[in-house]
Amino acid sequence: MGLRPLTESERTAARLKATAARADRAEIKAKVKSGAMTIAEVIEAAASMESIGRLRVAELLESLPGIGQVRAAAIMETVGIARSRRLRGLGIHQRRALIDHLESQ
């Protein structure tokens with residue numbers, strides 16, 4: 001059974017929602033990069049904001065100064081988080097381990 005085709009107004013609403021979600025994620029990554037927001041604050045915000053919850057953990061780590069793809073992958077492997085994991089998908093122990101690991105550096 002396929003999905004029904006969207007009307008033009010539904011398609012426009014979905015496009016606007018997706019654009020707003022991308023803007024939210026970009027704003028959060030910029031705040032993390034500038035130091036205005038910590039990883040712990042972002043993880044806490046992910047619980048209440050759907051657009052932030054859909055941010056990949058790797059993308060968030062890569063927004064930290066001095067952390068690129070290789071270091072982000074190494075941190076995630078050390079903590080035990082899959083490369084494809086999103087913030088909302090982290091378990092309580094994974095969240096705590098990630099925060100503790102980043103604070104110890």
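Per-structure values
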| read-out | value |
| --- | --- |
| Residue list for region 1-55, filter: closer than 24 Å to P65 by Cβ, among the aliphatic types (A, V, I, L, M) and without any contact (Cβ under 8 Å) to a residue 40 or more places away in the chain | A23, A26, I28, A30, V32, A36, M37, A45, M49, I52, L55 |
| Set A58, A30, A36: member being surrounded by fewer than 12 Cβ atoms within 10 Å (Cβ to Cβ), aliphatic (A, V, I, L, M) and modelled with pLDDT of 95 or more | A36 |
| Residue within region 63-84 that is surrounded by fewer than 12 Cβ atoms within 10 Å (Cβ to Cβ), among the hydroxyl-bearing types (S, T, Y) and either within 16 Å of A97 (Cα to Cα) or under 13 Å from the mean Cα position of the chain (by Cα) (or both) present | yes |
| Which listed residue, of R25, R71, is at pLDDT 95 or above and either touching a Ser or Thr at 6+ places or on another chain (Cβ under 7 Å) or assigned to a loop (DSSP other than H, G, I, E, B) (or both) | R25 |
| So S51, is it polar (S, T, N, Q), assigned to a helix (DSSP H, G or I) and under 12 Å from the mean Cα position of the chain (by Cα) | yes |
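The values are calculated or read from the model by the stated rules, or taken from the named source; none is laboratory data. Predicted model, so just to flag it, every value in this text is computed and none were measured. Cβ: placed from backbone, ideal geometry, glycine included. Neighbour counts: every protein chain shown.
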